[in-house]
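Notes follow the structure.
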Amino acid sequence: MGTSSKDKGSMPVVGMIGGGQLARMTHQAAIPLGQSLRVLAAAATDPAALVAPGVTVGMHTDPDAVRAFAADCDVVTFDHEHVPGDLLRGLVAEGVAVRPGPDALIHAQDKLVMRRRLRELGLPVPEFAEVTSPADLVSFGEEHGWPSVVKAVRGGYDGRGVWMPADADEAVGLATELLAAGTPLMVEQKVPMRRELAAVVARSPFGQGAAWPVVRTVQSDGICVEVHAPAPGLSTAMAAKAQEIAFRIADELDVVGVLAVELFELDLTGRADEADSGWRELAPDGLVVNELAMRPHNSGHWTIEGARTSQFEQHLRAVLDYPLGNTDPVAPAAVMTNVLGAPEQPAMSVDERLHHLFARYPDAKVHLYGKTERPGRKVGHVTMLGDDVDAVAVRARLAAHWLSHARWTDGYDIHGGEQR
């Protein structure tokens, strides 16, 4: 491939495939490190392409575009997991440093591969099966109970690619339609969960690791709407177990960079039937692994203002094999709330909405992604810090809703209300 910048005595070049908001925020983290983040974006209007100078427009599925992009990079990493594995293996064979490597990344690309590997490692995952016919789905539901959780094996995010048929008739119709459309499917047992957590860690090429506090993630319609750091009410033992699971996955799969492990905390309080006994045997520590992401993750956005080292800087440090940074939180509580597009775009401009937000909450930290507003779309996030997570969450929630809807849900008057 191309000549390494290290051979020229200059700073190394990191290339990120994908031009979304994760690349945009990674670019921001690269600037103070003196790095030159280059981005392969699908379009010139992608969030990162709007702010990063080193942008190549090309598709992540185009071998020629990816190879040409990688030629001038010292290391290649990702804004998303959708680059074909064969293409990445070709880069590795040509001497490109790809981090995380394709043999690790496949576990974030293919849910069935991930489930099988984690089960081999003895890690807590729900009962699952591949679905190649409607009969597979029906037999699984009859054995493990309804509703079951059907997932597209590849792709899917923010609630897309997940279905929960309530009975056999619904399962047959769903599987028939999806399989006919060529969607590879798997099915999982529905987890009796109390809440969702995320353990975000980072790992260097030679195994140095660092972890942020385990967080609670709040979902609505399959979309993460809030992240509370640290997860309130989480025992020290369970937090340590979540981090232990994340570090073991990172080591066993040879992940380089940031790894987010989404987890379910079981809710078996006061129940002792046969099914619950099975869950206790499967996950004696009360945690079940849901999904993996091998890149900066929505559950780690709070670290930009809330930790000594953000997930974006840490990802760069890891893929460049720099010593990892301190992950201590800078405040007792941090809450990140996503700004989701309103059902109808407000008449008030974003500029004016920001004006009124900062007038009420001057400590709010806003990140807007440069995306066109549309219903339910993640167009930014707000982070707030404080002493009490519940109080901080109220303020962050109000701020994010104001930015998306131009309406304060508590009735605050922008022309005369007192700050709250």
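The values are calculated or read from the model by the stated rules, or taken from the named source; none is laboratory data. It should be emphasised that the depicted structure is a prediction, and the values quoted were computed from it without experimental measurement. Neighbour counts are summed over all protein chains in view; Cβ atoms, including those assigned to glycine, are modelled from backbone coordinates with ideal geometry. These area figures cover heavy atoms from the full protein model, side chains too; ligands, DNA and RNA do not enter into them. Shrake-Rupley method; radii C 1.70, N 1.55, O 1.52, S 1.80 Å.
Summary of computed values
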quantity	calculated
Cα gyration tensor, the chain - rounded (a/c under 1.5), prolate or oblate	rounded
Distance (nanometres) between label positions extended 7 Å along Cα→Cβ at E143 and D254	3.3
Per residue solvent-accessible surface (Å²) - the chain, probe of 1.4 Å	43
Amide hydrogen neighbours beyond the local backbone of N290, cut-off 5 Å, H modeled	E262, L263, F264
Computed [θ] at 222 nm, helices only, for the chain once each DSSP H run of length n ≥ 4 contributes -39500 (n - 2.57)	-9500 deg cm²/dmol
Antiparallel bridges, percent of DSSP beta bridges restricted to the chain (to nearest 5)	80
Ranked packing of 24-30, 300-306, most packed first, by mean Cβ within 10 Å	300-306, 24-30
A48 long-range amide H proximity, modeled H, under 5 Å	G20, R24
Per-peptide average of other Cβ atoms within 10 Å, ordering 128-134, 232-238 highest first	128-134, 232-238
Neighbourhood charge, 12 Å Cβ-Cβ cut-off, centred on R216 and excluding it, Lys, Arg +1 and Asp, Glu -1	-3
Carbon plus sulfur fraction of accessible area for the chain, probe 1.4 Å, in percent	50
Extension reserve of the T372-T409 stretch, reckoned as 0.36 nm per residue once the Cα distance is removed	11.0 nm
Label-reachable residues, the stretch 43-81, where backbone N falls under 20 Å from a point 7 Å from M11's Cα toward its Cβ	48-56, 70-79
Environment charge of P332, counting only residues whose C-beta is closer than 9 Å and scoring Lys/Arg +1, Asp/Glu -1	-2
Neighbour cut-off at most 12 other Cβ (10 Å), DSSP loop, GluC sites (Glu not before Pro), the stretch 340-383	E344
Derived scalar couplings ³J(HN,Hα) [the stretch 220-227; Karplus, 6.51 cos²θ - 1.76 cosθ + 1.60; whole Hz; x for Gly, Pro]	9, 6, x, 10, 5, 10, 9, 10
Cβ-based net charge around G15, under 11 Å, with every Lys or Arg adding one and every Asp or Glu removing one	-1
